[in-house]
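The values are calculated or read from the model by the stated rules, or taken from the named source; none is laboratory data. Computed from a prediction, not measured in an experiment: that's the story for all the values here. Neighbour counts run over all protein chains shown; Cβ positions are idealised from the backbone, glycine included. Ligands, DNA and RNA are excluded from the accessible area calculation, which covers all protein heavy atoms including side chains. Shrake-Rupley method; radii C 1.70, N 1.55, O 1.52, S 1.80 Å.
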Amino acid sequence: MPNSFVFDANKCTGCGACRLACSIENQLAPEQSWRSIETFNPRRHQDAPLYHLSLACNHCDEPVCMYACPALAYRRDSVTGAVLLDENKCIGCRYCSWACPFDAPVFDRERGVMSKCTFCNHRLHDGLKPACASLCPTGALDFGDLPESELENEVDGFPSTDLGPRIRIDPLKPGRRLPVMTATEVASPFVELGEQAGSPRSAGKRIALETEWSLLVFTTLSAALVAVVAAGLKAIVPIAAWQFAGASALAMGLGALHLGRPGRSYRAILNLRRSWLSREVVTTSAFFGLGTAYLWRAPESQTLGATAVLVGFLGLFCADRVYGVFKTALPAYRHSASVLWTGLLLTGVFTGTAWLAGILGFGKLSLYVLRKLEFIDRGRPVRPIVSAARAGLGLVLPAILWLIDFNGLIAYVIGAVLLGEVIDRCEYYVELEPESPSREMARDFAKEIATREPAIVG
């Protein structure tokens, strides 16, 4: 039977003793902990119950963090079942935190590596419970060997997955589901998803344009370079080998800039078997190498050039798949900011292939409009000025200039298209919604209020 956490939501007072125990046992900074207290209805809305969930890494049967990690920094202890992170192998790419729906891996900015709950593995080997479970004053958090049939955790605020998290959560008893009537004032029913007040990890989003700008430039530049090599096959938009090599080095440097430990970037290729990030690094690096060889040593070799282009498009495909860990994100083939679609569009523009540019341009515009209409239905920000700039400057204007005089205005066509793609990619990073208990609680809380409000109005 697997080692598992056991949590009773009826007993938890949200005192934070488990968080403190975790910090002390693992010698973390006072303000740090691998355990968090997530509160349902933190503003004490009078029409919803109030309760807490004490959560850390669940050491899943199918640990998505381990599968996503490109550096093979994760392993499982075969005796205790703990999923452990070797910080000496971690490159600080933060991809495991993107993939984990429980927000368990935490980035240590000072050291540039990830860290996470260890199940107090050293205590388990000594026959002891994890410190958090041992020091819970109300008995809400416990630990034990449970059969798979008892690992039930279907409760509001806990992400539903097929990863096999090793935790049993006893939900609120029927009487505790009644609305909380202790609020001093009526709270607003609106909650910004993913930013619940009171969540210890709500101080900053895991994904933001300010933190991911280097990846934005890396992916966009990669798509442009693939299109440039494709255009080179038709002797259009010529580029010198040294220019391509310099741009490639810049792209790789920007990609490494995202890492907490750039000096370990070589480890990013180690998990080709499971990690899309490893596959992206390998295929993109191969494209940069083949493209440089083609332009420098054998520009007359159509075979080498075509091989470089095919590998480049494979790299763009892998780049799109990297973001597939965001379950709420649109699939790449349905998103106008897909770097594969961008590479194909730029190929059409750079080669002067009107039918390809027209099909991709119209397709991107359609996907963009459909996404904005979906945002309107869901009440998400549409940003009309930005949307108008992306569609007008990036797609409509280039089409008009193309029809007027493509050869004479090609520089303006390329510039407008690139501007539109950058705007779309910026929006992509702004709109990403990483899964987390805090976001799940906000979503379930909104549903709870929505089901009660009609009865109140009537």
*Of the residues Ala56, Ala29, Ala9, Ala21, which single one is open to solvent by less than 30 Å² (accessible area, probe 1.4 Å) and either over 19 Å from Leu151 (Cβ atoms) or without any contact (Cβ under 8 Å) to a residue 40 or more places away in the chain (or both)?*
Ala21
*asked:* Checking Phe119 against (1) within 19 Å of the chain's Cα centre (by Cα); (2) open to solvent by less than 10 Å² (accessible area, probe 1.4 Å); (3) under 16 Å from Met66 (Cβ atoms), only one condition comes out false. Which one?
replied: (1)
*Do we find a residue being surrounded by 22 or more Cβ atoms within 10 Å (Cβ to Cβ), over 14 Å from Ser4 (Cβ atoms) and touching a strand residue (DSSP E or B) at 6+ places or on another chain (Cβ under 6 Å) anywhere in the range 129-149?*
yes
*Tally time: how many residues in the range 3-25 are closer than 19 Å to Asn153 by Cβ and either among the aromatic types (Phe, Trp, Tyr) or not in a loop (DSSP other than H, G, I, E, B) (or both)?*
7
*Does Ala251 meet the test of being touching an Asp or Glu at 6+ places or on another chain (Cβ under 8 Å), among the small types (Gly, Ala, Ser) and in a helix (DSSP H, G or I)?*
no
*With respect to Phe313, determine if the residue is of a type outside the set (A, V, I, L, M) and under 30 Å from Cys90 (Cβ atoms).*
no
*Candidate set: the range 323-347, residues that are part of a helix (DSSP H, G or I) and modelled with pLDDT under 95; chosen: the one farthest from Ala389 (Cα to Cα)*: Val325
*Within the range 217-238, can one find any residue that is among the β-branched types (Val, Ile, Thr), within 22 Å of Ala332 (Cα to Cα) and open to solvent by 50 Å² or more (accessible area, probe 1.4 Å)?*
yes
_Regarding the range 168-176, can at least one residue be identified that is farther than 22 Å from Leu124 by Cα, among the small types (Gly, Ala, Ser), modelled with pLDDT under 50 and open to solvent by 30 Å² or more (accessible area, probe 1.4 Å)?_
no
*If you check Glu440 against the conditions, is it surrounded by 15 or more Cβ atoms within 10 Å (Cβ to Cβ) and on the phi < 0 side of the Ramachandran plot?*
yes
*Before we move on, is Phe107 closer than 23 Å to Val325 by Cα and part of a strand (DSSP E or B)?*
yes
*Answer yes or no: is there a residue in the range 26-48 that is aliphatic (A, V, I, L, M), at pLDDT below 95 and in a strand (DSSP E or B).*
yes
_Filter the range 283-326 down to the residues that are within 22 Å of Trp242 (Cα to Cα), under 30 Å from the mean Cα position of the chain (by Cα) and of a type in the set (Ser, Thr, Tyr) and list them by number._
Thr283, Thr284, Ser285
*Would you pick out the residues in the range 261-310 that are outside any helix (DSSP H, G or I) and within 30 Å of Asn88 (Cβ to Cβ)?*
Arg261, Leu270, Asn271, Leu272, Arg273, Arg274, Ser275
*Here are some residues: Leu360, Leu370, Leu365, Leu356. Which one is open to solvent by 30 Å² or more (accessible area, probe 1.4 Å) and in contact with a Gly (Cβ under 6 Å, 6 or more places away or on another chain)?*
Leu356
*Looking at this structure, is Phe190 of a type in the set (Phe, Trp, Tyr) and modelled with pLDDT under 90?*
yes
*What are the residue pairs meeting all of these: first residue in the range 149-160, first residue outside any loop (DSSP other than H, G, I, E, B) and at pLDDT 85 or above, second residue open to solvent by less than 30 Å² (accessible area, probe 1.4 Å) and not β-branched (Val, Ile, Thr), Cβ atoms under 8 Å, and 6 or more apart or on different chains?*
none
